[in-house]
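The values are calculated or read from the model by the stated rules, or taken from the named source; none is laboratory data. Being a predicted model, the structure only gives us computed values, none of them experimental. All Cβ positions, even for glycine, are placed from backbone atoms using ideal geometry, and neighbour counts span all protein chains on display.
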Protein chains: 2
Amino acid sequence: MMNKTLTTLQKKIHSDLKNIYNSGPTSLVETFNYVISGKGKRIRPILTLLTSKSLFGNYEKSYNAALAVEILHNFTLVHDDIMDNDSLRHGKKTVHEKWDIPTAILIGDAMLAKSINILSESKYSDKLIKSFNSALLSVCEGQALDKEFEIKQNVTEKEYFMMIEKKTSYLIAMSIELGALAYDYPLKDTKKLFNFGLCIGKAFQIQDDFLEIMSSSKIMKKSLNSDVLLGKKTYPIILCNKKDKNFIKKIIKKHKKAEQIISKIRKFIIDNDLDVKITNTVEKLYKEGISHIKKIDFKSNELLNFINKIKIREK
Amino acid sequence: MMNKTLTTLQKKIHSDLKNIYNSGPTSLVETFNYVISGKGKRIRPILTLLTSKSLFGNYEKSYNAALAVEILHNFTLVHDDIMDNDSLRHGKKTVHEKWDIPTAILIGDAMLAKSINILSESKYSDKLIKSFNSALLSVCEGQALDKEFEIKQNVTEKEYFMMIEKKTSYLIAMSIELGALAYDYPLKDTKKLFNFGLCIGKAFQIQDDFLEIMSSSKIMKKSLNSDVLLGKKTYPIILCNKKDKNFIKKIIKKHKKAEQIISKIRKFIIDNDLDVKITNTVEKLYKEGISHIKKIDFKSNELLNFINKIKIREK
């Protein structure tokens with residue numbers, strides 16, 4: 001997925017994250033460094049940096065904010081993994097699996113504190129923190145809806161879009177927003193970038209839902225299938241339910257093995273052209289996103305090229 | 001413990017906390033309001049308000065910060081209760097006990113977001129958030145040490161003091177500090193108030209440790225005894241270990257029932273005059289605290305009177 005510039009950026013972020021938390025209680029320092037050593041794609045901080053680069057030709061002023069964004073994202077992963085009882089993340093044991101739940105709760109809290117700490121020492125910290133904190137609350141609310149939907153039978157497409165907007169898109173939009181706010185970019189244009197991010201974020205989440213159900217666990221490097229069995233309302237599942245409200249229930253009852261269940265769902269998706277519908281929805285969201293920023297005066301195309309790489313990703 | 005003014009203040013805080021989170025995912029709104037309806041003494045927000053009142057004659061400008069402090073404190077309680085596996089808090093079921101661990105993790109995170117949100121809309125938000133966030137990181141580190149000490153045999157008094165400074169005192173000191181910062185009080189004098197708070201906070205924690213082991217569970221309205229069995233290194237336990245490093249180990253091995261164990265520890269404390277040593281340490285810390293603020297020009301005595309009430313409390 002990555003060309004040379006992006007790989008360099010990933011490595012720089014990766015290496016600088018290692019310098020963030022080196023003195024403190026051993027249990028926190030060790031866990032922090034375990035989490036940030038995960039093989040994440042660093043999409044969110046790269047969005048921050050490339051937004052700055054595309055608008056202002058450099059990213060010096062937003063670099064710390066980008067690190068804060070990546071730490072916030074990892075905080076959400078650590079806590080979500082406990083809540084969803086996931087045992088693998090990027091091919092590595094999750095924190096609560098390697099240590100225990102108390103350790104995972106605490107390192108999440110400390111990561112959040114560290115990320116705000118970084119922002120509070122930046123220029124325009126008040127604007128950065130306001131944006132950052134809105135995203136934090138939004139992520140919590142999105143996760144709450146995601147959990148509520150697990151036990152809710154009929155989740156509509158509209159409800160699903162509201163949930164992923166809060167759970168995923170807001171953080172993506174904020175990552176882009178910080179790349180502009182760190183340079184005191186006009187609020188009106190910053191808002192356009194934010195709305196662009198909301199659309200991209202939704203497209204991104206739907207692609208993730210789709211890839212997760214259509215790919216093998218080998219490609220995704222995480223334990224698959226748990227989402228369906230947990231009752232998670234992903235976009236493909238919602239479309240299956242819309243087509244036949246008893247289908248998922250029936251096949252979960254009929255088949256014992258997760259791999260069989262997924263295989264039946266895949267077939268149902270293809271037989272009913274739901275894959276076409278999903279691909280069209282993603283395409284529409286990317287177009288809608290681009291429409292928000294058509295009047296933005298970019299100096300270069302790094303941000304848009306990167307978005308395009310995300311769009312055509314296969315894992 | 002409370003006179004009329006304090007009861008009025010408690011009621012006002014209690015009632016205003018109820019207006020903070022009323023629209024959002026049902027699972028979060030419901031849990032938030034359950035947590036903030038607990039019968040807490042509201043010591044921290046009262047410290048913020050009385051600091052302002054004593055310095056400036058009113059507390060209008062620090063009122064929101066006081067609410068944020070109380071929400072932060074409750075966030076730490078919700079997450080700590082999971083980590084310590086506590087089932088009761090102020091006579092009510094803890095969140096993870098009434099709902100489940102995912103709900104308790106998530107409401108904690110959301111409470112934190114809400115508290116920062118309140119601060120970010122205040123005047124001098126940059127200073128307030130910096131102070132607030134330092135306390136947040138400190139609380140996490142203190143909790144990490146507290147957990148590390150559970151499995152550490154020889155915890156020294158010095159290590160204990162470092163742990164409670166981070167876990168308890170920092171938040172108390174920050175509560176006082178915000179009452180000054182919200183009025184843009186000179187930093188040099190604010191620092192004195194902060195150092196006063198650190199001493200008071202340590203005294204407060206030692207008293208809590210002592211009351212917890214010496215009182216019946218009826219007075220404390222929480223399940224007692226779990227701390228000793230968890231291996232928690234409270235001040236009385238550290239002093240027992242210092243007197244006889246095998247004492248605690250022996251009685252835990254010998255006696256099956258928690259109540260018997262506590263009763264033996266109580267006897268050991270009294271027989272060895274450890275209660276006198278504890279009372280003296282508390283007294284010394286209050287005196288040291290007062291010495292930091294002897295040159296502060298207070299308009300009234302509300303803050304010091306309140307500290308005195310905390311000092312002579314019996315639960």
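Counting only residues that are part of a loop (DSSP other than H, G, I, E, B), farther than 18 Å from B:CYS199 by Cα and touching a helix residue (DSSP H, G or I) at 6+ places or on another chain (Cβ under 9 Å), the range B:259-315 holds 8 of them. Output yes when any residue across the range A:39-59 is in contact with a strand residue (DSSP E or B) (Cβ under 9 Å, 6 or more places away or on another chain) and either farther than 21 Å from A:ILE107 by Cα or away from every other protein chain (no Cβ under 14 Å) (or both), and no when none is. Yes; the residues of the range A:39-59 include at least one that is in contact with a strand residue (DSSP E or B) (Cβ under 9 Å, 6 or more places away or on another chain) and either farther than 21 Å from A:ILE107 by Cα or away from every other protein chain (no Cβ under 14 Å) (or both).
Assess whether A:LEU171 counts as being of a type outside the set (Ser, Thr, Tyr), over 24 Å from A:LYS284 (Cα atoms) and in contact with a helix residue (DSSP H, G or I) (Cβ under 9 Å, 6 or more places away or on another chain). No, not satisfied.
Here the range B:72-84 is the region considered, the condition is being under 28 Å from A:ASP126 (Cβ atoms) and away from chain A (no Cβ under 12 Å), and the residue that is surrounded by the most Cβ atoms within 10 Å (Cβ to Cβ) is B:ASN74. Taken together, B:ILE71, B:ILE82, B:ILE20 contain a single residue that is in a helix (DSSP H, G or I) and under 21 Å from B:ALA182 (Cβ atoms), which is B:ILE71. Residues in the range B:91-118 that are free of Cβ contacts under 8 Å to residues at least 60 places away in the same chain, more than 9 Å from chain A (Cβ to nearest Cβ) and closer than 22 Å to A:LEU128 by Cα: B:SER115 alone. One residue stands out among those in the range A:85-117 that are surrounded by fewer than 22 Cβ atoms within 10 Å (Cβ to Cβ) and assigned to a strand (DSSP E or B): the one that is modelled with the lowest pLDDT, which is A:LEU88. Criterion applied to B:SER87, B:SER62 was being hydroxyl-bearing (Ser, Thr, Tyr), more than 9 Å from every other protein chain (Cβ to nearest Cβ), over 24 Å from A:GLY142 (Cα atoms) and out of contact with any Asp or Glu (no Cβ under 9 Å at 6 or more places or on another chain), and the one residue passing it is B:SER62. For the range A:257-295, the candidate set comprises residues that are of a type in the set (Val, Ile, Thr), in contact (Cβ under 8 Å) with a residue 60 or more places away in the chain and surrounded by 17 or more Cβ atoms within 10 Å (Cβ to Cβ); within that set, the residue that is nearest to A:SER54 (Cα to Cα) is A:ILE293. Close contacts from the range A:4-19, counting a first residue that is surrounded by 15 or more Cβ atoms within 10 Å (Cβ to Cβ) and a second that is of a type in the set (S, T, N, Q), with Cβ to Cβ under 9 Å and a gap of 6+ residues or different chains, come to A:HIS14/A:SER37; A:LEU17/A:ASN33; A:LEU17/A:SER37; A:LEU17/A:ASN74.
Given the criteria in contact with a Leu (Cβ under 8 Å, 6 or more places away or on another chain) and basic (Lys, Arg), does B:LYS127 qualify? Yes; evaluated as a whole, the condition is true for this residue. In the condition set (1) over 19 Å from the mean Cα position of the chain (by Cα); (2) polar (S, T, N, Q); (3) at pLDDT 95 or above, B:THR8 is compliant with all but (3).
Entry remark, the range B:18-45: residues being of a type outside the set (D, E, K, R) and more than 18 Å from the chain's Cα centre (by Cα) number 15 in total. Of the residues in the range B:35-42, none is buried (at least 17 other Cβ atoms within 10 Å of the Cβ), at pLDDT 95 or above, closer than 18 Å to B:ASN301 by Cβ and not basic (Lys, Arg). For the range B:298-315, a tally of residues being over 19 Å from B:PRO45 (Cα atoms) and modelled with pLDDT of 95 or more returns 1.
Residues in the range B:124-146 that are farther than 13 Å from B:THR76 by Cβ, at the interface with chain A (Cβ under 8 Å from one of its Cβ atoms) and not small (Gly, Ala, Ser): B:ASP126, B:ILE129, B:LYS130, B:ASN133, B:LEU145. Within the set B:ASN58, B:ASN64, B:ASN22, the sole residue that is at pLDDT below 95 and of a type in the set (S, T, N, Q) turns out to be B:ASN22. Inclusion of B:SER52 among residues that are out of contact with any Leu (no Cβ under 8 Å at 6 or more places or on another chain), touching a residue at least 60 places away in the same chain (Cβ under 8 Å), over 24 Å from B:LYS166 (Cβ atoms) and not aliphatic (A, V, I, L, M) is warranted. Within the range B:235-253, being among the polar types (S, T, N, Q) and without any contact (Cβ under 8 Å) to a residue 60 or more places away in the chain holds for one residue alone: B:ASN246.
Just one of the listed residues (A:LEU119, A:LEU6, A:LEU106) is in contact with a Cys (Cβ under 7 Å, 6 or more places away or on another chain) and among the aliphatic types (A, V, I, L, M), namely A:LEU106.
Each residue in the range A:296-315 was checked for being surrounded by 13 or more Cβ atoms within 10 Å (Cβ to Cβ) and either touching a Gly at 6+ places or on another chain (Cβ under 7 Å) or of a type in the set (A, V, I, L, M) (or both), and 5 pass.
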